[in-house]
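Working notes, beginning with the structure itself.
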Amino acid sequence: MTKSNSRDDLHLYGQMMSPFVARVVLVANSLDITLQPESVPGGSTSSPEFKAINPIGRVPALVHGELWLAEGDVICSYLRDLFPDRDTERADPAKAARGRLIARIVDLYLMGNYVPLIPLRRQTNPDSALIESKVKAFKDGLSILETILSPSPYALGESLGHADCALGPAIDYLSLMMPHFGIPDLTTGHPKLEAWWAFIRTQDQFALAFREGRADLRAYRVEHNLPPLDGL
Ligand SMILES: N[C@@H](CCC(=O)N[C@@H](CS)C(=O)NCC(=O)O)C(=O)O
């Protein structure tokens, strides 16, 4: 495989409305790299052109020279390894590992329980026991996060880290989606999450990422004739 070390060769595919894409953009920012997500080739994640880049058919996908990568958190690790001198979290392996743990909890126990709810919501007679079990598992995920967070004021201390980049876009996105499943506010009853969220959303790079994500989501919902979302 030909190596490429120029950051000009990095191409990120996807849209900011995906919390997985926004995570990569925020991590790149923290490494002083500006990554502007590009539209997926062929116009859709199921197009042959995009599948040639990422056979998983999901965004984000990254192309760097001859390397293609998928899965947001894997892409983040690659960027950190590519620019180790800019990765300040590297100096604190315990904090870095905790950050990856929070990202894993976001992926498996928040997004992982939310995603199966999407088709259920569209069904006329959805399986209410299944919805209940996914919502309960989602709430358990929030409680686990609450035990791990130590906001002061970033998720794991005084400086921005991987945990913030993974959790921020997910909380912004899910706060729009979970009211439909009986969770009107993700932070209620979770004081550490609440304090962190009140802080992080005021930070410029996060506020910008959330604005861009919501603008993408509005356009997507209009294009696909989906009903408007409260708060969007
Ligand atoms: N496990 C993947 C999840 C990526 C994912 O589910 N992406 C969604 C958008 S949020 C996607 O590409 N869905 C298919 C599509 O939009 O066509 C990751 O961590 O990157």
Exercise. Relative contact order for the range 90-201: what is it in percent, counting Cα pairs under 8 Å that are at least 6 residues apart?
Worked result: 30
Exercise. With contacts defined as alpha carbon pairs under 8 Å and 6 or more residues apart, what's the relative contact order of the chain in percent?
Worked result: 21
Exercise. In a GNM of the chain with a 10 Å cut-off on Cα contacts, which of Ala70, Ala170, Ala198 has the highest mean-square fluctuation?
Worked result: Ala198
Exercise. For Ile183 and Glu38 in the same chain, what is the full-extension length gain: residue separation times 0.36 nm, less their Cα-Cα distance, in nm?
Worked result: 48.9 nm
Seminar exercise, completed: In this structure, the FRET efficiency calculated for Arg90 and Ala207 from their beta-carbon separation, with R0 = 41 Å, to the nearest 0.05, is 0.95
Problem set entry | Potential lengthening between Asp140 and Ala198 on full extension [0.36 nm per residue; Cα-Cα distance subtracted] | 18.7 nm
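Rounded to the nearest 0.05, what FRET efficiency do Leu82 and Glu49 give with R0 = 25 Å and r taken as the Cβ-Cβ distance? Could you check?
Values: r = 25 Å, r/R0 = 1.01.
Rounded to the nearest 0.05, the efficiency is 0.50.
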Exercise. Which value, in debye to the nearest 20, describes the size of the charge dipole of the range 148-232 about its Cα centre when Lys and Arg Cβ atoms bear +1, Asp and Glu Cβ atoms bear -1, and nothing else is charged?
Worked result: 100
For this session: Convert each backbone phi in the range 206-211 into a coupling constant with the Karplus relation 6.51 cos²θ - 1.76 cosθ + 1.60 (shift: θ = phi - 60°), then list the ³J(HN,Hα) values in order as whole Hz, x for Gly and Pro.
Result: 6, 4, 5, 4, 5, 4
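Where Rh is the Kirkwood radius over the Cα pairs of the range 158-208, the temperature 4 °C and the viscosity 1.567 mPa s, what D in µm²/s does Stokes-Einstein return?
On the way: Rh = 11.6 Å.
For the chosen part, D equals 112 µm²/s.
Mind checking the dipole of the chain: about its Cα centre, +1 per Lys or Arg Cβ, -1 per Asp or Glu Cβ, Debye to the nearest 20?
Details: 23 positive and 28 negative charges, 93 e Å.
In debye, rounded to 20, the chain gives about 440.
Rg to Rh for the range 53-105: what is it, with Cα atoms only and Rh by Kirkwood?
On the way: Rg = 12.6 Å, Rh = 12.2 Å.
Radius of gyration relative to Kirkwood radius: 1.03.
With +1 on each Lys and Arg Cβ and -1 on each Asp and Glu Cβ, how big is the dipole of the range 90-201 about its Cα centre, in debye rounded to the nearest 20?
Values: 12 positive and 11 negative charges, 47 e Å.
Here the size comes out at about 220 debye.
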Exercise. For the range 90-201, what size does the Cα cloud have along each of its three principal axes, sorted from largest down, in whole Å?
Worked result: 51, 23, 19
Problem set entry | Computed P(r) (all Cα pairs; the chain; 5 Å bins; percent) | 1, 6, 13, 18, 19, 17, 12, 8, 3, 1, 0
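The numbers here are math on the coordinates, done by the rules we state, and not lab data. Source: prediction; values computed, not measured. For neighbour counting, all protein chains shown are included, and Cβ atoms are generated from backbone atoms with ideal geometry for every residue, glycine included.
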